[in-house]
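Trainee: Here it is: the structure, laid out below.
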Amino acid sequence: MNTRTKITIALAGVSVLGGCLVDNLCVSAPDRSECHVSPMEGSLLLLSPRVPLQGGELAVQVEGVPVTVEALLSPRGLGEKRVPLQLGLDGVWRTLVKPQELWPTIAPGPLPVRLITPSQTRDTTLRLFVPPVFGPDVSRSARVVWLSVVNRHVVTLEQGATDRTFGDWTYQAPLLNRTGSIPASLGFTVPPTALFAMTESAFLRLMPNGPVWQLQQSPLGELRYSDIEPSLDYASVTALAVGKHGPGNLLAVAGEGGTGPALRVYRFPDGGNFPAQRLMIPTMTGPVGGLAVGLLDDNSDVDLVTIGKDGVPSVWLASASALERDSVASQSLAAQLGSEPVRSLAVADLDRDGLADVIVSRKSQLQWLANQSDRTFAAPVVLVDLPDSASTLDVGTIDSNDSSDVVLGGPGLYLTIYLNQAP
């Protein structure tokens with residue numbers, strides 16, 4: 001029986017004297033439960049999935065008008081805090097949350113939140129982030145064809161006047177120093193597309209072998225190569241990318257002119273000597289010009305971002321044995337990137353909230369598109385201005401703090417590091 005029915009029955013059951021209505025239960029007994037009409041509550045939604053570590057607004061939307069809305073914040077290993085929210089004129093419940101004041105030792109990353117009203121609760125996640133702040137660049141002269149950042153080292157392939165060299169660079173404040181180099185004995189001209197990739201424990205390379213390509217791996221620091229794919233039948237390779245570390249790593253290679261798919265992806269054990277598992281890809285829209293790998297959602301499977309040669313991006317979320325194109329995330333990234341061409345692409349957690357963001361170089365700018373954690377991306381933020389000749393890009397920790405730094409290079413260009421100064 002609903003509230004309106006109860007009130008109708010109450011009115012019908014009043015006493016009548018001389019044909020006149022002399023009593024109304026909701027007037028004489030206003031505290032009766034059937035006399036209180038409470039709007040039904042609908043969905044309970046966290047509108048602000050990300051808040052800066054130093055503090056920001058927590059916003060919640062509730063269908064209906066609950067008496068109270070609270071947020072129970074429960075960081076792992078720290079005491080939970082219950083925070084009341086206030087209803088605004090626009091119907092949104094809000095409060096200002098300053099995580100570093102509530103818990104001085106709290107770090108950026110996911111923060112479990114329980115949203116509470118008198119009639120329902122909802123468990124969700126708030127992402128605490130630290131916006132990247134880039135200071136003056138650190139540069140050294142190097143004609144860089146390819147580079148990768150691993151274990152606080154920058155590994156480069158450099159093109160000299162008559163030879164090629166693999167270089168190893170580290171940062172000891174205030175200088176970027178070459179700490180080693182070995183000749184690159186390659187019996188072919190290295191194309192503009194890099195044919196190399198690195199994880200924290202393995203080196204990968206694509207080698208031309210007659211009309212096909214060999215995709216090979218070796219434990220880092222060794223020259224003991226084994227085949228991942230001995231016969232990739234691409235006429236040309238357009239991109240190669242791999243995640244930096246972790247079990248279930250992802251390796252992707254794209255090419256043109258073969259009889260197989262334009263994009264091939266492998267689950268890579270990241271050991272340098274174990275076999276890789278080929279993953280299924282349901283659809284492919286066309287040639288791929290850029291690849292980047294990283295954790296784009298909350299599961300532990302490494303994901304993939306591609307940029308087509310037509311400039312259209314796609315976000316591929318991984319499961320145990322397949323990649324699926326996420327249409328919502330892909331459309332969001334496409335809308336934020338627009339039509340301006342992307343020169344180079346990286347995927348990395350630039351703001352330390354636990355999810356990888358998208359970093360691109362284009363229009364002589366380094367741009368950051370923050371992962372909003374709800375399958376959408378924020379509008380591009382310009383981090384630094386770039387030289388027009390910058391062609392290689394990678395993101396990783398170089399200096400003594402835990403913030404990801406950006407490394408750039410290119411033919412005839414200084415090897416340049418932009419240090420992230422965020423606390």
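The values are calculated or read from the model by the stated rules, or taken from the named source; none is laboratory data. As the structure is a computational prediction, the values presented were derived from the model and not from experiment. Note that we place each Cβ from the backbone using ideal geometry, even for glycine, and neighbour counts take in every protein chain shown. With ligands, DNA and RNA removed, areas are computed over all heavy atoms of the protein, side chains included. Shrake-Rupley method; radii C 1.70, N 1.55, O 1.52, S 1.80 Å.
Trainee: So what J values fall out for the range 292-297 if you push phi through Karplus, 6.51 cos²θ - 1.76 cosθ + 1.60 with θ = phi - 60°, rounded to Hz, Gly and Pro as x?
Mentor: 8, 10, x, 7, 9, 9
Trainee: Cα centroid distance between the range 263-338 and the range 104-119, in Å?
Mentor: A separation of 30 Å, based on Cα centres.
Trainee: Turning to a different aspect of this structure: Ranked from the most accessible area to the least, with a 1.4 Å probe and all protein chains present, what is the order of ASP399, ASP298?
Mentor: So, going from the largest accessible area down, we get ASP298, ASP399.
Trainee: How much length, in nm to one decimal, is gained on full extension between SER339 and ASP301, taken as 0.36 nm per residue of separation minus their Cα-Cα distance?
Mentor: 10.7 nm
Trainee: With all protein chains present, calculate the accessible area of TYR414 using a 1.4 Å probe and round the result to the nearest 10 Å².
Mentor: Result for TYR414: roughly 130 Å² accessible.
Trainee: Can you bin the range 40-112 into rounded, prolate or oblate? Criterion: square roots of the alpha carbon gyration tensor eigenvalues sorted a ≥ b ≥ c, rounded for a/c under 1.5, prolate for a/b above b/c, oblate for the rest.
Mentor: prolate
Trainee: Let me know the shape class of the range 210-311, please: from the alpha-carbon gyration tensor, a ≥ b ≥ c as square roots of the eigenvalues, rounded when a/c is under 1.5, otherwise prolate if a/b is greater than b/c, or oblate.
Mentor: Judged from the Cα gyration tensor, the range 210-311 comes out oblate (a/c at least 1.5, b/c at or above a/b).
Trainee: Less than 14 Å Cβ to Cβ from ALA202, Lys/Arg counted +1 and Asp/Glu -1: what total charge do the surrounding residues give?
Mentor: Result for the local shell: 0.
Trainee: Suppose we flag trypsin sites (Lys or Arg not before Pro) only when DSSP calls them loop and at most 13 other Cβ atoms lie within 10 Å. Which is the longest uninterrupted stretch of the chain?
Mentor: After excluding every exposed loop site, the longest remaining stretch is 225-423.
Trainee: While we're on this one: Can you give me the % of accessible surface on the chain that is carbon or sulfur? Probe 1.4 Å, all protein chains present, nothing else counted.
Mentor: 53 percent
Trainee: Given the whole protein assembly as supplied and a 1.4 Å probe, what does the accessible area of ILE307 come to in Å², nearest 10?
Mentor: 10 Å²
Trainee: Tell me, what ³J(HN,Hα) does each residue in the range 391-402 have, in order and in whole Hz, if you take phi through Karplus 6.51 cos²θ - 1.76 cosθ + 1.60 with θ = phi - 60° and put x for Gly and Pro?
Mentor: 10, 10, 8, 8, 10, x, 7, 10, 9, 7, 8, 9
Trainee: Counting only other residues whose beta carbon sits under 12 Å from that of SER339, what net charge do I get with K and R as +1, D and E as -1?
Mentor: Combined, the nearby Lys, Arg, Asp and Glu give 0.
Trainee: Let me ask something else about it. So, in nm, how far is label LYS363 from label PHE274 when the simple model puts each one 7 Å beyond its Cα toward the Cβ?
Mentor: The modelled label-to-label distance comes out at 4.3 nm.
Trainee: Related question: Compute the acute angle (0 to 90°) between the alpha-carbon long axis of helix 327-337 and the principal axis of greatest extent of the alpha-carbon atoms of the chain; round to the nearest 10°.
Mentor: Tilt relative to the chain: about 70 degrees.
Trainee: Using Cα atoms only, what is the angle between the long axis of helix 3-12 and the major principal axis of the chain, expressed in degrees (0 to 90) to the nearest 10?
Mentor: The angle comes out near 10 degrees.
Trainee: Considering only protein heavy atoms, with the full assembly of protein chains and a 1.4 angstrom probe, order ILE116, ILE182 by accessible area, largest first.
Mentor: Result, largest first: ILE182, ILE116.
Trainee: Could you work out [θ]222 nm for the chain from helices alone, using -39500 (n - 2.57) per DSSP H run of at least four and dividing by all its residues? Round to the nearest 500 deg cm²/dmol.
Mentor: -1500 deg cm²/dmol
Trainee: To continue, here is another question. Shape verdict for the range 125-232, please, from the Cα gyration tensor: rounded (a/c under 1.5), prolate (a/b greater than b/c) or oblate.
Mentor: oblate
Trainee: Using a 1.4 angstrom probe, figure out how much accessible area the chain has per residue, in square angstrom, rounded to the nearest whole.
Mentor: Here the per-residue accessible area is 48 Å².
Trainee: Now for a different question. ASP303: net charge of surrounding residues, Cβ under 13 Å, Lys/Arg +1, Asp/Glu -1, itself excluded?
Mentor: -4
Trainee: Could you tell me the accessible area of MET198 in Å² (1.4 Å probe, neighbours in place), rounded to the nearest ten?
Mentor: The accessible area of MET198 comes to roughly 10 Å².
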